[in-house]
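Quick notes on the structure that follows.
The values are calculated or read from the model by the stated rules, or taken from the named source; none is laboratory data. All values derive from a computational prediction rather than experimental measurement. Because the Cβ atoms are built from the backbone with ideal geometry, glycine has one as well, and the counts that use them run over all protein chains shown.
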Ligand SMILES: [Zn+2]
């Protein structure tokens, strides 16, 4: 007997300040990646679905976005390109979790 199924994983990639399309507030949004993996005997083997979404922390509205949009948002969130938090335009990509001032 073969037991197979799927398992979902959610990764929080970034927190971004965006104007919410639902409540209209410029509030923090979490950028999340949801990966669904195929499992065999409860062992996850390979991902077959990857979806991105942003969720407003103010009203909780979730919006699905494309992979391209998610990458764009990550660049904005990671590099400070939007001007908040000191804005370093064109800064080198930083690894998440690294000390921000480490070179
Ligand atoms: Zn909202």
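Does residue 21 satisfy being outside any loop (DSSP other than H, G, I, E, B) and either surrounded by 14 or more Cβ atoms within 10 Å (Cβ to Cβ) or modelled with pLDDT of 75 or more (or both)? Spell out how you get there, then give the answer.
Details: outside any loop (DSSP other than H, G, I, E, B): no; either surrounded by 14 or more Cβ atoms within 10 Å (Cβ to Cβ) or modelled with pLDDT of 75 or more (or both): yes.
No; evaluated as a whole, the condition is false for this residue.
Across the range 34-51, not a single residue is classified as surrounded by 13 or more Cβ atoms within 10 Å (Cβ to Cβ), within 16 Å of the ligand (Cβ to nearest atom) and at pLDDT 95 or above.
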